[in-house]
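Here is the structure we will look at, set down as structure tokens.
The values are calculated or read from the model by the stated rules, or taken from the named source; none is laboratory data. Predicted model only: the values in this text are computed from it and were never measured. A quick note on method: Cβ atoms are made from the backbone with ideal geometry, for glycine too, and the neighbour counts reach across all protein chains shown.
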Amino acid sequence: MSVNTEGLPDDRLKSNLIESVPCRMVLCGVGFIWSRVKGFLMLFSRLISVLILLILPLLSVSAPSRPASLKVTTMDGRQLTLDQMRGKVVLVMFFSTDCPHCQRTAQALRPLYREFRPQGLEIVGIAINPSASGNLQSFARKYGVEFPLSLGTRGDCTRFAGISVMARFYVPYLFFVDKNGIIRQQHDGSDRLFYRNEAQNIRTAIQTLLK
């Protein structure tokens, strides 16, 4: 053990310095300042998250996208195209019948469809999982789906989304089409900001396009 010029071991000297009143005051001050800064950063982060949740739907709705083209055959044999629904706001949902998230979204759409259909809203659901051909009708009954449902493929979804057939995406995949047949907003299942409060965000998008 080394000894300093005053005869105290170096370790004892360091300990005395750390335990001195001025040093403890400095350490306490630094700790207090850091706790305040840390609290401010956490609050700032939460505020930013809230602001993003509030303005994201408005920003995405206002950004023009591209013309949409779609032709499906519903469960009851009807042919539906977006051209036939021109002049209405159309919500297109690509989904999987065995996806829990899709099941929740289908349930969330039921009251919105009832509320806004008289104002010019149409919803079309397209199941793209291979097993949907055997359980699409039971899906509609179980989750109270009242809007038209049809069968489709993964390729139908990628073409409608304007993405590569090799691109990764998650269902439900929602598309909001305006009265002129232009896709104004789209959200796949990985969009956590949108689906965190999906019922309200869907409502906001619909109301904006119906104006």
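What do you reckon, is Val92 at pLDDT 65 or above and either outside the structural domain of Gln186 (by TED's automatic domain parsing) or of a type in the set (Gly, Ala, Ser) (or both)? Here the answer is no, as Val92 does not meet what is asked. Please determine whether any residue of region 139-146 is modelled with pLDDT of 95 or more and within 16 Å of Leu80 (Cα to Cα). Yes, there is a match, as at least one residue in region 139-146 is modelled with pLDDT of 95 or more and within 16 Å of Leu80 (Cα to Cα).
Filtered by the rule that a residue be farther than 15 Å from Pro172 by Cα and either free of Cβ contacts under 8 Å to residues at least 24 places away in the same chain or part of a helix (DSSP H, G or I) (or both), region 139-154 gives Ala140, Arg141, Lys142.
You will find that of Leu121, Leu151, the residue that is closer than 14 Å to Thr74 by Cα and over 19 Å from the mean Cα position of the chain (by Cα) is Leu151 and no other. Note on region 80-138: among residues that are without any contact (Cβ under 8 Å) to a residue 40 or more places away in the chain and part of a strand (DSSP E or B), the one that is surrounded by the fewest Cβ atoms within 10 Å (Cβ to Cβ) is Thr81.
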